[in-house]
1. Got a sec? Which of V88, V73 is under 30 Å from E221 (Cβ atoms), modelled with pLDDT under 90 and buried (at least 16 other Cβ atoms within 10 Å of the Cβ)?
2. Any idea how many residues of region 147-170 are exposed (fewer than 14 other Cβ atoms within 10 Å of the Cβ) and either more than 26 Å from E225 (Cβ to Cβ) or hydrophobic (A, V, I, L, M, F, W, C) (or both)?
3. If I ask for residues that are part of a loop (DSSP other than H, G, I, E, B) and within 26 Å of G104 (Cα to Cα), which ones from region 199-238 would you list?
4. Kindly list, by first and then second residue, each pair from a residue in region 126-148 that is assigned by TED's automatic domain parsing to the domain that holds N173 to a residue that is of a type in the set (D, E), limited to pairs with Cβ atoms under 8 Å and residues at least 6 apart or on different chains.
5. Here are some residues: I205, I150, I217, I161. Which one is of a type in the set (V, I, T) and within 21 Å of K97 (Cα to Cα)?
6. Please verify whether E223 is more than 18 Å from I98 (Cα to Cα), of a type outside the set (A, V, I, L, M, F, W, C) and either surrounded by 13 or more Cβ atoms within 10 Å (Cβ to Cβ) or outside the structural domain of W112 (by TED's automatic domain parsing) (or both), treating the condition exactly as stated.
7. Would you pick out the residues in region 98-125 that are crowded, with 16+ Cβ neighbours inside 10 Å, hydrophobic (A, V, I, L, M, F, W, C) and outside any strand (DSSP E or B)?
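The values are calculated or read from the model by the stated rules, or taken from the named source; none is laboratory data. Quantities reported herein were computed from a predicted structural model and do not represent experimental measurements. As a convention, Cβ positions derive from the backbone with ideal geometry for all residues, glycine included, and neighbour counts pool all protein chains shown.
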Amino acid sequence: MELNLLNHDVRKKIFKKLMYKSKLSFSQLQDSNIRSNRFNYHLNKLVKLGIIKKDEDGLYSLSNLGKELAIYVDLNEMGVHKQPFVIVGVVIRKEDKILLSKLGREPFKGVWAISVVGRMHFGEGVRESAVRQTMERTGYAPKDLKLKIIYSIRTNKENNIHSHHMFYVLRCNDFSGKLKKKTPDRLNKWVNIKDVKKLNIFTDIPYTLKYIDKRGITFLELEREFNGKKFNLTKIIR
C-alpha cells in the first residue's frame, strides 16, 4: 500500500477533513490560506490517485483505497503510523535435535533463528502462514502445528528502536518431505539442542526452548540490543 501518496501538506489536510466528514464540497474542503490553483492541483491529484472520489453532485469523499490508507495514518502528524511487524515462527524438532536457520540477508545476516521465521502475509491466518512458510523455507510439510508462544519483541540499535515484532511461535514435531539445506536467503541445519547456545542466535531462542513444551500458550515481552552482528537481551517481562 502506497502510504507516500500523502507526502504533501495540502494533501494531508484534504485527507484529514474527509476522514471526519463523509462528503464535502470543493468550498468546504478548500483552505483559505492555500492558493486556489495550488489547492485544486493537489485535490485533483488525490482523485487521479484513487484516494478520494467525486460524485455526480460534485461532492468529495474517501474512496475504498482512501479508507484503507486511513487505518495506517497517524492522526496527529498525518504521517505513516508505524506498527509492529507480525512474524510467524515454527520450531521443528526430531529427537534431541532442532532445525535452525542461518539468515543470509540484512538486517540480521549471519544470525541463527528457529526453524522457520517470516512475516505473515496480509489476510493470512497464523496457521496458514506457518504451513506456507515451512514448506517454502524448509521443504517440509508440517503434520501437527500447535501455537505455544507469543512474543512482543522490541529491538534497539544505537539507543533507538530498530524494530518491533509480534511473534507467534508454533511447535511442529511431525512432518514429511525432504529438507532444503539452502534457500536464496538462508541456510537450514539440524543442530543438537545442547549446542544451540554456542551459536550466534536470536535472544528469544533459549526462552522458546524453555516454554515450547509447557501447557497452554506462553506470552513474553522481550527487549534486546543489536550491535549489527549480535544480540544482547536487556529486559524480559513475563
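1. Answer to the selection: V73.
2. Number of matching residues: 1.
3. Those that are part of a loop (DSSP other than H, G, I, E, B) and within 26 Å of G104 (Cα to Cα): L199, N200, F202, T203, D204, I212, N227, G228, K229, K230.
4. Listed pairs, sorted by first residue: R132/E124; P142/D174; K143/D174; D144/D174; K148/D213.
5. After applying the criteria, what remains is I205.
6. Yes, satisfied.
7. F108, V111, M120
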